[in-house]
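Reviewing the structure listed below.
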Amino acid sequence: MGGWRFRSDDSSWVVALLADTLSLETTQYDAWEPFQERLRELIEAFRELVNPVFEQRLGLRYVNQVTIDEVREPRDWEQWIDPFILGPALHPQIREGLIFSRQQLGLEIADEASCTLGHGSFPRADGEGLAYLLDYDVYRQTGRPFELDDIMGTAARFNDIALALFLMSVTPEYVERARTR
C-alpha cells in the first residue's frame, strides 16, 4: 500500500498520508493551540480531498524525553519521576544492577478513551547519563462517522488527558524545574 510523507522545510512538521491513515507529527511542540490549528487545517483538507465517511481510530501521542544532567543511574530519577512509575528502579536490590528499564501500561480512561503508556530509563545518546521516556498514546478505537467537530473536540480532550497523565508521572520538583527553564 503506497502513501506519502510531507515535511516542512526544517523537518519539524511531518504529515503522513496512507489510504486509511492520516497523521501529523512535530518535533517543535510548544503549546496545544498552534498544533490544534494545524491539525484542523489538515483534517479539513483531507476531508475535502478524500471525503472519508468513517473514523476507525483517533489518537494523540506525546513522546517526552526527559533529560537532567545530574541523573547518572536509574535510581537518580526518584527526585523527578513519580515513585509509582519508577517501580524497579527503587527496589533496594534490583536498582543496584539496573542499567535500563522499559515498561508499558494499558490504561482505560473513560468514554471510549484509552492510553498506552510506555516509559523507562535508558542511556543518553551522548553517553552523559540517562534519559527518561514518557510516551503517552491516548486513543479511541471505535468505528464512527467521520465528523470534524467531534474529532477536534476529542483531540482536545485527549490533550487534557495526556497532560494529566504526564503531571501524574513526574514529581512537583520536576514541574517546578521545567517552569523555570
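Taken together, the values in this text are just the output of simple stated rules run on the coordinates, not laboratory data. Predicted model only: the values in this text are computed from it and were never measured. Neighbour counts run over all protein chains shown; Cβ positions are idealised from the backbone, glycine included.
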>> Taking the 0 to 90 degree range and rounding to the nearest ten, how far is the long axis of helix 148-169 tilted relative to the main principal axis of the chain, both from C-alpha atoms?
In response: 0 degrees
>> How big is segment 59-127 along each principal axis, measuring the range of its Cα positions in Å and listing the largest first?
In response: 41, 28, 18
>> Using a Förster radius of 41 Å, what is the FRET efficiency between Glu173 and Leu18 based on their Cβ-Cβ separation? Nearest 0.05, please.
In response: 0.45
>> Taking 25 °C and 0.890 mPa s as the conditions, I'd like the Stokes-Einstein D for segment 1-52 in µm²/s, using the Kirkwood hydrodynamic radius from alpha carbon pairs.
In response: 209 µm²/s
> segment 117-181 to segment 1-74: how many Å between their Cα centroids?
Replying inline: 14 Å
> So who's got an amide H within less than 5 Å of the one on Phe146, skipping anything under 5 residues away but keeping other chains? H placed 1.01 Å off N, in plane.
Replying inline: Phe54, Glu55
>> Output needed: percent of Cα pairs per 10 Å distance bin for the chain, bins running from 0 to the one holding the longest distance.
In response: 8, 31, 32, 20, 9, 1
